[in-house]
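As structure tokens, the structure follows; a few thoughts come after it.
The values are calculated or read from the model by the stated rules, or taken from the named source; none is laboratory data. Because the structure is predicted, anything quoted here is derived from the model rather than measured. So basically every Cβ, Gly included, is an ideal-geometry build from the backbone, and we count neighbours across all protein chains shown. Note: areas computed on protein heavy atoms with side chains; ligands, DNA, RNA excluded. Shrake-Rupley method; radii C 1.70, N 1.55, O 1.52, S 1.80 Å.
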Amino acid sequence: MYNVLITDDEQIVIDSLKFIMNKDFPDQIKVFSALSGTEAIEIATKEKIDIVFMDIHMSGINGLETVSCILRLKPETVIIMLSAYDRFQYAQEAINIGAFKYITKPVNRNLVVQTVREAMNQVDKQRGQFTSDQELHKKLDLISPMVESDFIYSCIFSNEKNTDVSTFFEYFNITETHWCFCCLELPGITAENQFKAYSNLRTLLNAHCKCLIGSFMSNRLVIFFPIAVPEEIAPEEAMKNEVNRAFNLIAINISQKVRAGVSIVQQTTEQMSQSYNQALEALNRSDKDGGIVFYSPNGETNQIQIENFCERILGRLGIGDGAGVKFLTGEYINALFNSGAPLNKIKNLMFELLIRARDTTNNLSNTLQKTSYVNEAFDSIFEFFSNCDERNQLEDFVQQRLFECASYVTKIRTKKENPVIKKVAQYVQDNLEQDLSLDVVAQKVNMSSFYLSKLFKEETGETFINYVTDRRLEKSCKLLKETEKSVKEITADVGYNDQNYFSKLFKNKYGLSPTEFRNNAEEK
């Protein structure tokens, strides 16, 4: 059985293609249909779609944008683009984004049948390749962990300084000239869940980086990272970039309280046992509530700094999302204090964030209403940081200043806001549990979805879909904090049918699952 999605803003085109497919492939095809790009993405997210017929020219999100989104979600989807225009430019764009075929309307029945058959053959080919890959991966999944564990054991427990690991390097195709060890500790590991945790960790890391993973020893394991070093950066920086990325993946997807210690970067294999001991020593220095420490010969610890926190905070501030700013600021300050950095360095980073926030707010104020942003509290921030050493006071001060900036941005954006956008924003806020597709909302304000999409982006600086998603997630935070409703109930209350999809969106924005967010809120 093949699942086919037909997307076109003309019902007659959908009906024609459905008729052809149902008549020529009665027991082979299940047909889905959508009248807009937004609806097509939603269907592709929920259903296992094999083949997509997509019109290029549609109101709202056009066909090329929709296909790009679908292929990011499910790269194996076979795409057939439809257009009333036989232009090389359109065909070229379709091919560039990964379309399988490009056909023009009105569609010829014989051409549709032939195209469907070719698309089905392509799906079969991909399925066969997938099956072969699955079998190969099953075999490798059985062998590789054992060989990796042997490699780790040989490196860290050998008494010989010149341990020969060349055979292992050849087996794993390791050609990088630099490397390091990482000792990882995961909380809550028992004999019962050890295998599952190990499998999840291997799957996660192997999908995003190159490394060799040893077996669990109690709740700890050792990871070997080969490091590729670009010419423009130092080996130490390349190593930290690679390991930080892996650590963030583990913290976000497996456990927030994961601890890690990392050795210095090496080029030879003569002191592997010593490097392991460096990683172990660094691990023992890490915070018990989670964090990563890089070994330093003089005993100082250089813990992780999640640099993108600042950019995310300023991004939320720029659209006036006070709740998002407050939440992300709390997480950023936790990361700073968990890093083990000296207090003066932490205060300097907080000070820099406030200066950037003030400048961002001032730039928006000058742009939107030709005036400067004035907040007398900023005049004394240097004095405050010089005299305050209490974490709670520092956190409250920073959060309050950032929230004031976000509130000001909301105020000036509201003043400038187009009456139509105000009406749309109010309708969205009042109907978060309902269908809020661009087409539906456009009808409520008597405007074409294409023009509303363009106007909304120009007036607010973000897409309509992102705006709706943010309002829904904000409401879900409030419900998680203030009610005892289940995550399933809250999913429905904020307009989603799929709890897994809602949880994925929530974690992408806040870095925590809805359940973890609720637990954290209760602890505070």
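List pairs: first residue in segment 310-325 and on the phi > 0 side of the Ramachandran plot and touching a residue at least 24 places away in the same chain (Cβ under 8 Å), second residue open to solvent by less than 10 Å² (accessible area, probe 1.4 Å) and in a helix (DSSP H, G or I) anywhere in the structure, Cβ distance under 8 angstrom, at least six positions apart or on different chains. Pairs found: G320/A406; G320/V409. What number of residues within segment 168-200 are in contact with a helix residue (DSSP H, G or I) (Cβ under 7 Å, 6 or more places away or on another chain), in a helix (DSSP H, G or I) and buried (at least 18 other Cβ atoms within 10 Å of the Cβ)? Of the residues in segment 168-200, 1 are in contact with a helix residue (DSSP H, G or I) (Cβ under 7 Å, 6 or more places away or on another chain), in a helix (DSSP H, G or I) and buried (at least 18 other Cβ atoms within 10 Å of the Cβ). List every residue pair whose Cβ atoms lie under 6 Å apart, where the two residues are 6 or more positions apart in sequence or sit on different chains, the first residue falls within segment 482-508 and is in contact (Cβ under 8 Å) with a residue 24 or more places away in the chain and closer than 22 Å to F327 by Cα, and the second residue, located anywhere, is assigned to a helix (DSSP H, G or I) and of a type in the set (S, T, N, Q). Listed pairs, sorted by first residue: I490/S476; V494/S476; F502/T491. The single residue among F456, F382, F403, F397 that is modelled with pLDDT of 80 or more, open to solvent by 50 Å² or more (accessible area, probe 1.4 Å), touching a Phe, Trp or Tyr at 6+ places or on another chain (Cβ under 8 Å) and in a helix (DSSP H, G or I) turns out to be F382.
Per this entry, V265 is counted among residues that are under 25 Å from S154 (Cβ atoms) and modelled with pLDDT of 90 or more.
Per the listing N241, N253, the residue uniquely in contact (Cβ under 8 Å) with a residue 40 or more places away in the chain, under 30 Å from N334 (Cα atoms) and open to solvent by 40 Å² or more (accessible area, probe 1.4 Å) is N253.
One line per residue, one yes/no per condition, for (1) open to solvent by 10 Å² or more (accessible area, probe 1.4 Å); (2) of a type in the set (G, A, S); (3) within 19 Å of the chain's Cα centre (by Cα):
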site	(1), (2), (3)
C310	yes, no, yes
I319	yes, no, no
P342	yes, no, no
I346	no, no, no
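Taking segment 12-70 only, how many residues are open to solvent by less than 20 Å² (accessible area, probe 1.4 Å), touching a Phe, Trp or Tyr at 6+ places or on another chain (Cβ under 8 Å) and among the β-branched types (V, I, T)? Result for segment 12-70: 4.
Against the condition open to solvent by 80 Å² or more (accessible area, probe 1.4 Å), modelled with pLDDT of 90 or more, within 29 Å of D498 (Cβ to Cβ) and not hydroxyl-bearing (S, T, Y), how does D430 come out, does it pass? Spelling it out, D430 is indeed open to solvent by 80 Å² or more (accessible area, probe 1.4 Å), modelled with pLDDT of 90 or more, within 29 Å of D498 (Cβ to Cβ) and not hydroxyl-bearing (S, T, Y). The residues of segment 436-451 that are assigned to a helix (DSSP H, G or I), modelled with pLDDT of 80 or more and not acidic (D, E), listed by number, are L438, V440, V441, A442, Q443, K444. Only a single criterion out of (1) in a helix (DSSP H, G or I); (2) touching a Leu at 6+ places or on another chain (Cβ under 9 Å); (3) open to solvent by 10 Å² or more (accessible area, probe 1.4 Å); (4) not aromatic (F, W, Y) is not satisfied by N277, namely (2).
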